[in-house]
1. Quote the FRET efficiency, to the nearest 0.05, computed for C:E114 versus A:N110 with a Förster distance R0 of 35 Å and r equal to the Cβ-Cβ distance.
2. FRET efficiency for A:D65 and D:Q6, Cβ-Cβ distance as r, R0 = 41 Å, nearest 0.05?
3. Please give the average number of partner chain Cβ atoms lying within 10 Å of the Cβ of each residue in A:11-21, rounded to a whole number.
4. For the interface of C with D, what's the total buried accessible surface in square angstrom, probe 1.4 angstrom, rounded to the nearest hundred?
5. Across the stretch D:52-63, in residue order, what do the Karplus-derived ³J(HN,Hα) couplings come to in whole Hz, using 6.51 cos²θ - 1.76 cosθ + 1.60 with θ = phi - 60° and x for Gly and Pro?
6. Top mean-square fluctuation among D:V11, D:V102, D:V83, Gaussian network model of chain D, C-alpha springs under 10 Å?
7. Once phi is turned into θ = phi - 60°, what whole-Hz ³J(HN,Hα) does the Karplus curve with 6.51, -1.76 and 1.60 give for every residue of the stretch C:18-27, x standing for Gly and Pro?
8. Cβ under 14 Å from C:Q94's Cβ, C:Q94 left aside: what net charge do those residues give with Lys, Arg +1 and Asp, Glu -1?
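The values are calculated or read from the model by the stated rules, or taken from the named source; none is laboratory data. In this text the structure is predicted, and so the values were computed from the model without any measurement. A quick note on method: Cβ atoms are made from the backbone with ideal geometry, for glycine too, and the neighbour counts reach across all protein chains shown. Keep in mind that these areas ignore ligands, DNA and RNA; they rest on the heavy atoms of the full protein, side chains included. Shrake-Rupley method; radii C 1.70, N 1.55, O 1.52, S 1.80 Å.
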Protein chains: 4
Amino acid sequence: MRSYDQYKETVERIKKFCEERDWSQFHDPKNLAISLQLESAEVLELFQWTKNNEIKSGKESEISDELADVMYWLIMLANHYNVDLLDAMNKKMQKNEAKYPVEKAKGKSNKYNEL
Amino acid sequence: MRSYDQYKETVERIKKFCEERDWSQFHDPKNLAISLQLESAEVLELFQWTKNNEIKSGKESEISDELADVMYWLIMLANHYNVDLLDAMNKKMQKNEAKYPVEKAKGKSNKYNEL
Amino acid sequence: MRSYDQYKETVERIKKFCEERDWSQFHDPKNLAISLQLESAEVLELFQWTKNNEIKSGKESEISDELADVMYWLIMLANHYNVDLLDAMNKKMQKNEAKYPVEKAKGKSNKYNEL
Amino acid sequence: MRSYDQYKETVERIKKFCEERDWSQFHDPKNLAISLQLESAEVLELFQWTKNNEIKSGKESEISDELADVMYWLIMLANHYNVDLLDAMNKKMQKNEAKYPVEKAKGKSNKYNEL
């Protein structure tokens with residue numbers, strides 16, 4: 001069984017990667033947030049002009065790398081603010097479960113304040 | 001020590017959350033990619049108009065939830081395409097390490113093809 | 001004096017450009033909105049990693065084309081919904097002037113509901 | 001016939017609006033580019049979760065204001081860099097016409113370098 005340490009090892013690998021290249025000087029959190037946005041745009045670009053809502057033909061194999069690019073900046077921002085992403089995720093899910101009760105939200109795509 | 005299963009439990013929690021609400025009908029991957037983009041924009045919005053490149057005053061506590069929102073759609077897309085995010089991350093890091101050799105990239109913010 | 005017709009001529013030029021290439025089949029409004037988003041991301045990319053909040057060195061000459069790319073999709077969406085952009089702009093300015101009265105908004109970057 | 005001066009009047013109206021509120025201090029071009037991106041995201045949000053690629057039900061009337069919001073930041077950036085948007089648009093169209101010759105591009109959604 002792989003351990004949660006794999007997540008921490010990945011985080012450490014990213015930190016070391018940046019330190020060795022002396023990149024922290026560029027990594028103020030506003031720049032990190034811009035990069036998160038730009039990499040999310042690259043995920044979206046895989047779907048540009050498609051009619052079937054799937055990745056465009058010939059680009060299917062790129063999704064894994066593009067998702068990793070988003071994950072990278074997510075981890076960078078999480079590190080900067082000392083956020084544990086899995087903990088944050090579970091806290092947010094608790095809120096989501098409360099905001100979208102099954103009986104009200106079932107089969108609807110409305111925002112919680114429009115249910 | 002927390003186990004890697006925590007990641008899987010979180011993934012399962014998200015799956016169950018969506019299934020109970022019958023939301024898979026909205027979750028074609030193009031829509032997921034749009035939501036990933038929109039949630040990344042909400043992270044960026046925390047930095048709108050700041051001059052010091054930090055989160056704007058009074059919004060600091062929101063970063064954890066906003067990062068979780070991005071993580072949520074990242075996991076949804078990863079699930080859809082059977083991507084293990086940590087594996088994807090480590091494969092991408094291997095490529096990054098090759099594309100940005102320390103001796104060429106140190107102290108520079110250029111893209112690998114402009115080093 | 002250039003006439004407002006220049007705007008209309010530009011709009012017509014874009015329409016003809018698309019018609020000759022039989023591209024309307026791809027141009028459902030959701031795809032147009034995605035492209036608007038992606039081209040805005042390319043504008044933002046010109047500022048990625050900068051510390052002085054200016055366009056990164058060597059990219060200054062690209063701003064004109066990148067702004068035009070955003071304008072292109074803006075016009076395409078406006079055409080689709082029969083929106084006159086200048087009229088829309090002036091109606092929105094009227095609302096902005098009411099939402100941000102000088103005496104309350106002066107020197108502040110808050111949203112109107114946080115003034 | 002409305003004159004091209006309507007465009008210039010709109011640009012002047014926006015300039016005056018900002019000057020009266022002493023907002024130029026926030027309007028470094030990186031912040032303008034972020035706002036352009038965030039307003040484009042609001043256009044895209046109108047299409048979130050739709051299955052028919054149209055604006056979601058009940059939000060149709062918002063498109064005009066949302067397009068104006070994008071136009072606003074486009075004009076702000078154009079002003080900052082002394083770009084005439086209509087000129088920029090026509091120069092870009094000339095390039096587009098060359099990059100996408102009818103005989104190669106007809107009926108295809110590929111990028112020019114993948115035609």
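1. Calculated transfer efficiency: 0.90.
2. About 0.30, to the nearest 0.05.
3. 3
4. Numbers: alone 9580 and 9560 Å², together 12470 Å².
By this definition, chains C and D bury close to 6700 Å².
5. Here the 3J(HN,Hα) series is 9, 6, 9, 4, 5, 3, x, 10, 4, 6, 7, 4 Hz.
6. D:V102
7. Couplings: 6, 4, 4, 9, 6, 9, 4, 4, 8, 8 Hz.
8. So the environment of C:Q94 carries a net charge of +1.
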